[in-house]
Amino acid sequence: MFHFFLACGCKSEYSLGFGCNAQTGQCECLQGVVGEKCDQCPYRWAFVPEVGCHACDSCHHALLNDTDELAAMIDPVIFEFDLKDIDPKQISLDETIQELESLEQDTKNLNRKSNYSLENSEQLKNKSDELKDTLEILLDDINTIEDVATMTIDDINTITMQLTKETGKHPRTSNTFSYENN
């Protein structure tokens, strides 16, 4: 017994084989595929190669509803729009082209300015980082000087107290030294 397939024009991506079912004479479609020639998925179903057609989820249906609404608004305008009625000799795009060229030049100028600003801001950032580092070093130096000055004042106060104990007189009240004499 010989088996042969009759060619009946089945769409190969959507069908199980290349020929017709020998008993029914019809195309054998993948799961969910419809049409006499296995040539489409049902409305709003998605095709997965070598698997078949599957229903879309509600998220896809909401998106498809939106696109259907947009198509309903746009299609009448498209059908009414007839390019044959427009005479190319009556349309002058010179003014529009000039505006576009001007906008292009403005865009290029703004791009140059923004690139310059970017470079300038990078340089300023680097300089401010250097200044910050210098100020941190200066602040450390000031804190060190303050610590040394505090220690010196403490030493002077200690010496003053020792002199007061030894002489019985405070050096500022002594007759030998006076701020007014200098």
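Values quoted throughout were computed directly from the atomic coordinates according to the rules given, and no laboratory measurement underlies them. Fair warning: this is a prediction, and the values are worked out from it, not measured in the lab. Glycine gets a Cβ as well: all are built from the backbone with ideal geometry, and neighbour counts include every protein chain shown.
Assorted remarks:
- For Lys127, the aspartates and glutamates whose Cα comes closer than 15 Å to its Cα, not counting residues fewer than 8 places off in the same chain, are Glu119, Glu136.
- Residues whose amide H comes within less than 5 Å of that of Asp39, counting only those at least five positions distant or on another chain, are Val34 (H built at 1.01 Å from N in the peptide plane).
- When peptides 43-49, 56-62 are sorted by average Cβ neighbour count within 10 Å, with the highest value leading, the order is 43-49, 56-62.
- Under 20 Å from Lys165, Cα to Cα: aspartates and glutamates that are on another chain or at least 8 residues apart: Asp154, Asp155
- Projected over every direction and averaged, the convex hull enclosing the alpha-carbon atoms of region 128-171 yields 3.1 nm².
- Inter-label distance, nm, simple model (7 Å from Cα along the C-beta direction), Glu119/Asp57: 5.1 nm
- Taking each residue as 0.36 nm, the span from Lys108 to Cys8 lengthens on full extension beyond its C-alpha to C-alpha distance by 29.9 nm.
- Set of lysines near Lys37 by C-alpha distance (under 17 Å), chain-local residues within fewer than 8 positions excluded: Lys11
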